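Below is one structure, written out as structure tokens; the observations come after it.
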Amino acid sequence: VVKAFEMEIIPAERIVAQIGDTLILTCNTTGCASPSFSWRTQMDSPLGGKVSSYRTYSTLTMDPVSIVNSHSYLCTVMCDGRGIKEKSVKVELYSFPSDPVIEISPSLVAGEPAIVTCKIPDVYPSDRLEVVLKKDEHVLLEEHFLEDDSTNTETKIVTYTFHPTAEDIGKEITCVAKLPIADMDFEPKERTSSQKLNANFGPQNTVITTSPGNLLMEGDSLNLTCVTQSNPPAKIVWSKYLAEESIQHLIKNSVLSIPHVHFNDSGRYICEVINLVTNKTEKATVDIIIQGAPVITKLSIEPSTTVQEGENVSIECSAESNPPPKIILRRKSDNADMRPYSARSIPLPSVMFQNGGDYECLAENKFGKIKSEITLNVKYGPRNTMITVIPTAALKEGETVTMKCTSSGNPAPVISWKKKKATGESEKISKNATLTIQNLKSEDLGLYECEAYNQFGKEEKAVKLYVQARLEEPDQMIPLIIAFSSVAAVAVPAVAILIYVSRQAKINGSYSLVKALRLKV
């Protein structure tokens, strides 16, 4: 069954809307797969809204509704092969958004004239507005705006002057505003405001109460209450004195609450009360003292906790408490304090690797103490490179000799071994710190170099092993020389240690040491 092509507009025919609100008109279709929508006003005025079209419906959104939307809106739907349909809706506008505002000035003084003003904000249409001003049930003034021809919202004002008497104090001034448009369905159509006639005074007798008191421990809760006598009620502003006589504004409330007080909450607090009617101001102050154990507020190393040897470094520790803390800043491995009882920066110009390590800051007063730690990591190139040759007993050809290279640095140096060739070039032979030569032969003799390296530099040391050839004459003294010399990156004269070995001639196949030799470089 094919559905008939139909349309509807929601709301239908007529809608009452308040200026400033949001209004959505919806145009729906049935029986048409691909409708085409269009919106216009009957007078072809601007739409004053946003059109959004979907598969079977279209919306016209007015956000916010304004005076330009007072029109009849026409929705036209075209359906291919099934014709065109149109429907309209009339948008009628009003504005009555808030209650009247009553102002009575100046302060009432018996026998002197007083002016009562009633303001009705943003009314439309104002020619339908009715205003009644009463004192208790007695009508003071009734006003209509029938001659008003405004075309937009307006704030209407009714003013009445009278001479109050002592009996008027405590009576109520009431302003009743009505917008009785019989053929428009909206609520409310009547708004009312009232204000008592009072003698305005104050502020006076302003005091501050503290709970639990003026002297607190850190972490306690604090409530400061400002009490004053004023009519109308005074505006209360809390503030606090800072250094150099400046003032920090806090809150606008009669009670200032601090759930957990801190040392920097100590100071003088000011309650300022202002009567906006009498235009008078009064102040009260209270001094608050916060005590407690120290809190370390800063422990730092500048420019960084990790530095290169030679940089300028400073270590800073600061703490706060009441009474003021004693502060000790020291390296944990040191017995002596670097600078006791100081909260200022401690300089380490041209820092050395010996300055690295853990530093601690201690802060103490009569309520307690606290400690915090920080680590200084000093990076530096290899140094104190040493070579150890073992064993120390006499060697024979075919035995094993071990040479161990050690070096300090941060990060830990990478150690490698090289050996000098006959051509003078060096050949890398090991990437280990320990070099072991097994089955010792004459061709193993020569200059061995140890290199210690990291990203901040390198250091080299060397050891030389050599032997003089044997003689074949009996009873001849054979100078068998094994010499070790330490060679750094710069030229260092070689030091040879001669060891003479007395042997008979024609001793075949062995070299021996009669004295143990161990060299550390």
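Binning at 10 Å from 0, report for segment 258-318 what percent of all alpha-carbon pair distances ends up in each bin.
Each 10 Å bin holds this share of Cα pairs: 16, 23, 19, 18, 13, 8, 3, 0.
So if I take the alpha carbon set of segment 101-199, get Rg, then get Rh from the Kirkwood formula, what is the Rg over Rh ratio?
1.03
At 1.4 Å probe size, with the rest of the protein present, what percent of the exposed accessible area of segment 292-379 is carbon and sulfur atoms?
Roughly 47 percent, rounded to a whole number.
Could you go through segment 133-143 in sequence order and give the Karplus-derived ³J(HN,Hα) for each residue, using 6.51 cos²θ - 1.76 cosθ + 1.60 with θ = phi - 60°, rounded to whole Hz, and x for Gly and Pro?
10, 10, 10, 6, 9, 8, 6, 8, 7, 10, 9
Roughly speaking, what is the centre-to-centre gap between segment 28-82 and segment 286-324 when only Cα atoms are used, to the nearest Å?
What the calculation gives is 69 Å, centre to centre.
Sum up the charges of everything whose Cβ sits under 10 Å from the Cβ of ILE270, counting Lys and Arg as +1 and Asp and Glu as -1, but leave ILE270 out. Don't jump to the answer; show the numbers that get you there.
Details: positive: LYS240, ARG268, LYS283; negative: GLU272.
Summing Lys and Arg as +1 and Asp and Glu as -1 gives +2.
Largest first, how would HIS163, HIS71, HIS260 line up by accessible area (1.4 Å probe)?
HIS260, HIS163, HIS71
If you take the alpha carbon radius of gyration of segment 292-379 and divide it by 2.2 N^0.38 Å, what ratio comes out, to two decimals? Walk me through the numbers before you get to the answer.
Values: Rg = 13.1 Å, N = 88, 2.2 N^0.38 = 12.1 Å.
Expressed relative to 2.2 N^0.38 Å, the Cα Rg reads 1.09.
Give the accessible area for ASP80 in Å² (nearest 10); use a 1.4 Å probe, count only protein heavy atoms, and leave out ligands, DNA and RNA.
Around 140 Å² of this residue is reachable by solvent.
State log₁₀ I(q)/I(0) for segment 160-304 at q = 0.10, 0.14, 0.17, 0.18 Å⁻¹ as given by the Debye formula over alpha-carbon point scatterers of equal weight, solvent excluded.
Debye intensities relative to I(0), on a log10 scale: -0.59, -0.82, -0.99, -1.05.
How large is log10 I(q)/I(0) at q = 0.13 Å⁻¹ when the Debye formula is applied to the Cα atoms of segment 205-288, each weighted equally and without solvent?
Results for segment 205-288 at q = 0.13 Å⁻¹ read -0.41.
Ranked by accessible surface with a 1.4 Å probe, highest first, in what order do MET184, MET78 come?
Details: MET184 15, MET78 100 Å².
Output order, biggest surface exposure first: MET78, MET184.
Return one whole number: the accessible area per residue of segment 292-379 in Å², for a 1.4 Å probe.
54
Can you tell me how much longer the chain between LYS428 and SER221 gets when fully stretched, taken as 0.36 nm per residue apart minus their C-alpha distance, in nm with one decimal? Present the calculation step by step, with values, prior to reporting the outcome.
Values: separation 207, 0.36 × 207 = 74.52 nm, distance 7.29 nm.
Working it through step by step, the gained length comes to 67.2 nm.
May I ask you to evaluate 6.51 cos²θ - 1.76 cosθ + 1.60, the Karplus curve with θ = phi - 60°, for each residue of segment 36-43 and list the ³J(HN,Hα) values in order in whole Hz, giving x for glycine and proline?
With the stated coefficients, segment 36-43 comes to 10, 10, 8, 10, 7, 9, 5, 9 Hz.
Could you quote the convex hull projected area for segment 1-154, Cα atoms only and averaged over all directions, in nm²? Kindly include the intermediate steps, with their values, before the conclusion.
On the way: hull surface 53.3 nm².
The directionally averaged projection comes out at 13.3 nm².
For segment 1-130, what % of the accessible area comes from carbon and sulfur atoms, probe 1.4 Å?
50
Based on the alpha carbon coordinates of segment 381-465, what radius of gyration and maximum Cα-Cα distance (Dmax) apply, in Å?
Cα radius of gyration and Dmax of segment 381-465 are 13.4, 41 Å respectively.
Might you tell me the accessible area per residue for segment 5-101, computed with a 1.4 Å probe and given in Å²?
That works out to 51 Å² for each residue.
I'd like the distance separating the alpha-carbon centroids of segment 211-273 and segment 404-419, in whole Å.
66
The values are calculated or read from the model by the stated rules, or taken from the named source; none is laboratory data. Everything quoted here is computed from the prediction, not taken from an experiment. FYI the Cβ positions are ideal-geometry reconstructions off the backbone, even for glycines, and counts take in every protein chain you see. Just so you know, the surface numbers come from the protein's heavy atoms only, side chains and all, with ligands and any DNA or RNA stripped out. Shrake-Rupley method; radii C 1.70, N 1.55, O 1.52, S 1.80 Å.
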